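The values are calculated or read from the model by the stated rules, or taken from the named source; none is laboratory data. Predicted model only: the values in this text are computed from it and were never measured. We place every Cβ from the backbone using ideal geometry, glycine too, and count neighbours over all the protein chains shown. Surface areas here come from the heavy atoms of the whole protein model, side chains and all, with no ligands, DNA or RNA. Shrake-Rupley method; radii C 1.70, N 1.55, O 1.52, S 1.80 Å.
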Amino acid sequence: MPSITYRRVDGTSATVVVDEGTSIMRAALQNDVAGIVGECGGQAMCATCHVYVPEGVELPEVSDDEDEMLECTTSDRLDNSRLGCQLLAGRDFDELTVDLPESQV
């Protein structure tokens with residue numbers, strides 16, 4: 001089964017095993033991983049599931065909607081910024097580590 005590791009700013013991390021089709025955002029909420037809000041429920045409308053993906057990881061291109069919402073993140077948008085609601089385990093990755101920003105709201 002796919003897994004996601006969330007690395008926090010304080011250096012701690014949490015790894016969760018998820019069903020295929022589960023988004024980074026949904027997996028965090030279902031497993032009480034602090035640092036992801038997911039205010040809009042995964043509709044790419046709030047940017048409160050902002051994550052940083054390590055350089056060199058191949059993922060689908062950022063959609064126009066995701067690109068627009070990434071301009072609204074609380075923490076700085078970087079080249080490796082993504083919305084956790086737009087990346088699905090099993091479809092886009094099997095194992096993935098993401099860095100959580102300092103704040104989401």
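Which residue, of Glu95, Glu68, Glu61, is in contact (Cβ under 8 Å) with a residue 12 or more places away in the chain and open to solvent by 90 Å² or more (accessible area, probe 1.4 Å)?
Sole residue among the options that is in contact (Cβ under 8 Å) with a residue 12 or more places away in the chain and open to solvent by 90 Å² or more (accessible area, probe 1.4 Å): Glu95.
Quick check on the stretch 15-25. Is at least one of its residues in contact (Cβ under 8 Å) with a residue 40 or more places away in the chain, surrounded by fewer than 15 Cβ atoms within 10 Å (Cβ to Cβ) and in contact with a Leu (Cβ under 6 Å, 6 or more places away or on another chain)?
The answer is yes, given that some residue of the stretch 15-25 is in contact (Cβ under 8 Å) with a residue 40 or more places away in the chain, surrounded by fewer than 15 Cβ atoms within 10 Å (Cβ to Cβ) and in contact with a Leu (Cβ under 6 Å, 6 or more places away or on another chain).
Which fully enclosed strands (runs of 3 or more DSSP E) of the stretch 32-105 have 3 or more residues being under 19 Å from Val17 (Cα atoms) and under 13 Å from the mean Cα position of the chain (by Cα)?
95-99
Report, by residue number, each residue of the stretch 30-54 that is within 14 Å of Leu83 (Cβ to Cβ) and among the hydrophobic types (A, V, I, L, M, F, W, C).
Ile36, Val37, Cys40, Ala44, Met45, Cys46, Ala47, Cys49, Val51, Val53, listed by residue number.
Is it true that some residue in the stretch 42-52 is surrounded by fewer than 20 Cβ atoms within 10 Å (Cβ to Cβ), among the hydroxyl-bearing types (Ser, Thr, Tyr) and closer than 15 Å to Glu95 by Cβ?
no
Here's a check for you: in the stretch 2-12, which residue that is in contact (Cβ under 8 Å) with a residue 60 or more places away in the chain and open to solvent by 10 Å² or more (accessible area, probe 1.4 Å) is farthest from Leu87 (Cα to Cα)?
Step by step, filter the stretch 2-12, then rank; the result is Val9.
Restricted to the stretch 1-48, and to residues that are in contact with an Asp or Glu (Cβ under 7 Å, 6 or more places away or on another chain) and among the hydroxyl-bearing types (Ser, Thr, Tyr), which residue is farthest from Leu100 (Cα to Cα)?
Ser3
Give the stretch 42-70 a look and list any residue that's within 20 Å of Ala28 (Cβ to Cβ) and either of a type in the set (Ser, Thr, Tyr) or touching a Cys at 6+ places or on another chain (Cβ under 8 Å) (or both), or say none.
Gly42, Gln43, Ala44, Cys46, Ala47, Thr48, Cys49, Tyr52, Met69
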